[in-house]
Amino acid sequence: MRTPSGIRTNGNGRLSLLGRQSPSWWRRRKAQEVIFKALMIFSLLLVVGCLALIVATIVWKGLPALKLSMIFQTPRGGYYLGKEGGILNAILGSLYLAGGATLLALLLSLPIVLYLNIYAGRNSRTAEFIRFSFDVLWGVPSIVYGAFGFLLMAFIGLRTSLLAGMITVAMLELPIMSRAMDEVVRLVSRDLTDAAYSLGATRFETAVKVVVRQTLPGILTAVLIAFGRGIGDAASVLFTAGFTDRVPTSLLQPAATLPLAIFFQLGTPFPEVRERAYASAAVLTILILAISLISRAAVRRYSRHTIR
Amino acid sequence: MRFRAPKNSFKAEKKANKALSHIAVNNIDRPDPQKTQKKRLVKDLAARRFMFGLTLLPGFLVFLILFGLLWKARAILAVKPLGRLLLSTTWKPSQGEFGMLPFLAGTLAVTVVAMVIAAPISLLAAVYLAEYAPRRMRNAVRPLIDLLAGLPSVVYGVWGVLMVVPLVERASRLFGTSSSGYSILAGGIVLAIMVFPTIIHVSLEVFSSVSRDLRDAALSLGATRWEVAKKVVLRKSSQGIVAAVVLGLSRAFGETMAVLMVVGNIPRVPKSLFDPGYPLPALLANNYGEMMSVPLYDSALMLAALVLLVVVLAFNVAARLFLSRVERRAT
Amino acid sequence: MIIQTAEIKGLKLSGRVAAKPLAAAFAARAALTVFLLISILAQALSGHTAAVGGDGEAAEAAFTVDARDAMERTGDEELRGTISLSGAWALYPMVVKWAEEFRKIHPGVRLDVQAGGAGKGIADALSGMVDIGMVSRDIHPEETARGAIALAVTKDGVVPTASRRNPYLKDLLRMGIGRSAFEGIFVTGRMKTWNDVLRNGARKEVHVFTRSDACGAAETWAAFLGKKQEDLLGIAVYGDPGLADAVIRDPLAVGFNNINFAYDAGTLKPVEGLVVIPVDLNGNGILDPGEKFYGSRDEITAAIERGAYPSPPARELYFVTKGKPVRPVVRKFLAWVLKEGQGFVREAGYIPLSAEKLKVSF
């Protein structure tokens, strides 16, 4: 038996201290610890540093254009040519679209994940297959979802609209949300579910009244991650949600989205408008951060009811 | 397990009992447990059927996408043999040449570079956050990581053009070659940064599922924290780590906008890190609008999408096989 | 429910309650919900397609007309409706200007203008997603076969570009680059160093840039060189501004841009850091005074108008519709664009079409 502290048994099963505990051995272990700790800190700094760099770039380039009017006004004609206005259409459009898509994805994910973990048996082939499907769907590029959504729309006869965008983004978010939820629901301890069953609860009741309540923080986190991905994706909405200067008032109207607004503002020949693109990116970042913080607060509040 | 009863449960129950007390005089008047039981069973069965139906949807969706792509790709498959399409290096759609090898090579190159960069860095960072960092730091850094995941890819692309491309250009001069900076390396770097949050997030979840007892036991035997991380946590969660890396890989395969802005988009098989490349998603994004125009082009692009999907599928299958083998060895 | 109240009231039901009625109730509820959803969806979709009235040519139009258009009337004063356009960046500034001016005359008409590239414009127009696609290249025969009809509405051009930090700027601006030299740079790759191009002993390489997205500018530039976009060599960058930025940053770069992207809209001079490469049109190795018109946007547009700058790389810009346009709003708009609209073309930096091109009846 080998332990880190170097105590070993010799052939007769007796414990003995052998040459393992030479000073160089201690030094080597200590050196390893120090080196790897340094590497780890470096890695973490690299990751956080990249984030800081990207955010700093956005803010630095977008600051001249970041005005309150940008957030609260819709674009006047010629906005993309340098005239006044704001991106309220894109902000609200994105919120509606991502919100609706996340809701759709949630309505689909939650039952599926509950089924996979509570109803399906340990070695269920269906569960294996569906989890595999989710992994595959995860890897589908968002532009393929956009293309598929476009085909679907043409097939149904829908025009570019909020609804079409919602459906496409819901398809995009589904694997993300499901996987994140699955990870959390899997971890519910068997003791808990067994206790519920032993008290005579049906599996449905256990699912809804026990498991969901227990994993609510995890579910909220999954919803947040999916929402973040959905609101920031351009390729899937490029051909499905359309674009307009107005705030959509019905599901069948085209909707502007923030990533597309950024994309279009970046593509104009006017440098002031390109600055606005960075400002819009800053708005999107702040939006995601705000939603992240809100949901963390919500998670903490609901964590009170979980059993640790 | 710490059990916290919901607030006011006792008071609520008393109130309910009082309200019903004037109705239920004796046992006979309480709801018949038999009937309620049947109702609950029916609910359970109905819910089970309904959920099962929903559960089949993702599988159905995969088939639908595969089938849809195959259907649209059949036009070109009828004209050219698949082998020729996959192995030829000439891409000249208006002349009817649809060789996809450069794109396959580009996709693999960019993804491999991204994973080589991202996997070690993410794992190290995740280990630090899980094992070393004080809880406050961990709670502060986690939302930042999620923020990284939420940034739109257009922003990554623009930042990549601003910062990564000149960096690579300068680096190429150091290495003796001259590159414009738009290269596989630039694409790989940008992609790696986009993949960081995925791997870190999933790894953190996996690490947190390793029970404290194991860690404490190792520490009590005199292991250093790094040794605990290496020999206990990483080993115990190796499956989850592989899953995290595969997830990151899938994301890397599918990322479109950011990569296409920095990778150079030349349809030639890249021979070095500093060469430009042309991954499959970039091909789709660049040419999607043209699809309606030249019918063979249209189906060639759909074939490209199908090939990409098959590659992702293949990697996932391979990962699963690997995981199941690891699992079998462990048990 | 019935069962429970019966029990609470103290009645004891004899006999067993079969599970069937409950299941039936549940199923009925589910069916009702599904039915409601389907009816809502059907209503939304049916309200979406209205009969396309109009003359006999209506048979060709495959549009789904928006319910909002039910309010359309054909009189000049009461023109109402929404026209949706999408497509090329090259046309975007012009169409926005036209939209503004058209709204001044017909305040009841709304124009939704979206950019996204010429390819998107054609795709959207042919699939019925928008009324008019803005396209900055000639349409392919396959597109015509699918019903695309192109209407030339204005003209602009593509110019070759280099960086202001180019070490050989003086020679470049003095001599220009001829068409065959451009072919050597962009198509055959024969011209590898600046010496090949300028014959001044320069050892440095030429860094070629082109567009990665399928776009009108690249197609037009390639047409000037007798080829197609896919034949252009060089690092392919996404978008007009992206290409301009790449060229600005690399002193040895050669690229191309739409006029509106190469010249600053405010100062009318080339964008900061960018230089427009004069094209040596007669190929005599030096720029004659008659070939020098790249200093400002007005100069180059005037040159295109009088034909001094060839087409290609100057090119017509089109509105593409699927079949002949049927909706009165769209027809009125198109008619206006071809007449009064041309008056705004110059100030937006475009070139007005010659008179015969405008004689289109539809």
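The values are calculated or read from the model by the stated rules, or taken from the named source; none is laboratory data. All values reported here derive from a predicted model rather than from experimental measurement. With ideal geometry, Cβ positions are generated from the backbone for all residues, glycine too; neighbour counts draw on all protein chains shown.
Those helices (runs of 4 or more DSSP H) of segment B:113-232 in which 1 or more residues are farther than 30 Å from A:Phe263 by Cα and without any contact (Cβ under 8 Å) to a residue 60 or more places away in the chain occupy B:135-150, B:165-174, B:184-208, B:212-220. A:Val211 falls short of the stated requirement of being in contact (Cβ under 8 Å) with a residue 24 or more places away in the chain, outside any loop (DSSP other than H, G, I, E, B) and within 12 Å of chain B (Cβ to nearest Cβ). Take A:Val113 and tell me if it is assigned to a helix (DSSP H, G or I), within 25 Å of B:Leu283 (Cα to Cα) and touching a helix residue (DSSP H, G or I) at 6+ places or on another chain (Cβ under 8 Å). In short, no.
One line per residue, one yes/no per condition, for (1) without any contact (Cβ under 8 Å) to a residue 60 or more places away in the chain; (2) within 14 Å of A:Ser280 (Cα to Cα); (3) outside the structural domain of A:Phe263 (by TED's automatic domain parsing):
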| residue | (1), (2), (3) |
| --- | --- |
| A:Leu45 | yes, no, yes |
| A:Val48 | yes, no, yes |
| A:Leu51 | yes, no, yes |
| A:Ile58 | no, yes, yes |
| A:Tyr79 | no, yes, no |
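Summed over segment C:94-112, residues that are facing another protein chain (nearest Cβ under 8 Å) and of a type in the set (Val, Ile, Thr) total 1.
Rundown of residues vs (1) of a type in the set (Asp, Glu); (2) in a helix (DSSP H, G or I), yes/no style:
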residue: C:Pro241; (1), (2): no, yes
residue: C:Ala244; (1), (2): no, yes
residue: C:Pro251; (1), (2): no, no
residue: C:Leu268; (1), (2): no, no
residue: C:Glu272; (1), (2): yes, no
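Looking at B:Val263, B:Val311, B:Val245, just one residue is more than 28 Å from A:Ser133 (Cβ to Cβ), modelled with pLDDT of 85 or more and touching a helix residue (DSSP H, G or I) at 6+ places or on another chain (Cβ under 8 Å), and that residue is B:Val263.
The numbered conditions (1) buried (at least 19 other Cβ atoms within 10 Å of the Cβ); (2) of a type in the set (A, V, I, L, M, F, W, C); (3) not assigned by TED's automatic domain parsing to the domain that holds B:Val246 are all true for B:Leu56 except (1).
Within segment A:136-146, track down each residue that is more than 18 Å from the chain's Cα centre (by Cα) and either surrounded by fewer than 24 Cβ atoms within 10 Å (Cβ to Cβ) or facing chain B (nearest Cβ under 7 Å) (or both).
To start, the set of residues in segment A:136-146 that are more than 18 Å from the chain's Cα centre (by Cα) comprises A:144, A:146.
Passing the criteria: only A:Val144.
Scanning segment A:66-91 for residues that are within 14 Å of chain C (Cβ to nearest Cβ) and among the small types (Gly, Ala, Ser), we see that the one that is surrounded by the most Cβ atoms within 10 Å (Cβ to Cβ) is A:Ala90.
Residues that are more than 9 Å from chain A (Cβ to nearest Cβ) and either more than 20 Å from B:Val116 (Cβ to Cβ) or charged (D, E, K, R) (or both) were ranked within segment B:158-181; the one that is surrounded by the most Cβ atoms within 10 Å (Cβ to Cβ) is B:Ser180.
I'm trying to understand the selection: among the residues of segment A:220-236, which are within 21 Å of A:Ala298 (Cβ to Cβ) and either basic (Lys, Arg) or part of a loop (DSSP other than H, G, I, E, B) (or both)? Explain how you work it out, then say what you get.
Of all residues in segment A:220-236, those within 21 Å of A:Ala298 (Cβ to Cβ) come to A:220-232.
Selection gives A:Arg229 alone.
Residues that are closer than 22 Å to A:Phe243 by Cβ and touching a strand residue (DSSP E or B) at 6+ places or on another chain (Cβ under 8 Å) number at least 3 in the following strands (runs of 3 or more DSSP E) confined to segment C:101-165: C:109-114, C:132-135.
Does segment B:252-270 hold any residues that are within 7 Å of another protein chain (Cβ to nearest Cβ) and in a helix (DSSP H, G or I), and which are they? Passing the criteria: B:Phe253, B:Gly254, B:Met257, B:Leu260, B:Met261. Among all residues of segment A:283-303, there is none that is more than 10 Å from chain B (Cβ to nearest Cβ), in a loop (DSSP other than H, G, I, E, B) and among the polar types (S, T, N, Q).
If only residues of segment A:99-117 that are crowded, with 23+ Cβ neighbours inside 10 Å and either more than 30 Å from A:Phe204 (Cβ to Cβ) or among the polar types (S, T, N, Q) (or both) are counted, the one that is nearest to the other protein chains (Cβ to nearest Cβ) is A:Ser109.
Sub-6 Å Cβ pairs linking a first residue in segment B:83-103 that is more than 19 Å from B:Lys271 (Cβ to Cβ) to a second residue that is surrounded by fewer than 15 Cβ atoms within 10 Å (Cβ to Cβ) and of a type in the set (A, V, I, L, M), at least 6 apart or interchain, number zero. Of all residue pairs spaced 6 or more apart or on separate chains, those with beta-carbon atoms under 7 Å, a first member in segment C:130-149 that is touching a residue at least 24 places away in the same chain (Cβ under 8 Å) and within 18 Å of C:Glu219 (Cα to Cα) and a second member that is of a type in the set (Val, Ile, Thr) and outside any helix (DSSP H, G or I) are C:Gly133/C:Val320; C:Val135/C:Val320; C:Ile139/C:Val320.
Just one of the numbered conditions (1) surrounded by fewer than 22 Cβ atoms within 10 Å (Cβ to Cβ); (2) in the same structural domain as C:Asp250 (by TED's automatic domain parsing) is not true of C:Phe209: (1).
Mind checking which residues of segment B:63-121 are of a type in the set (A, V, I, L, M) and over 29 Å from the mean Cα position of the chain (by Cα)? Correct list: B:Ala75, B:Ile76, B:Leu77, B:Ala78, B:Val79.
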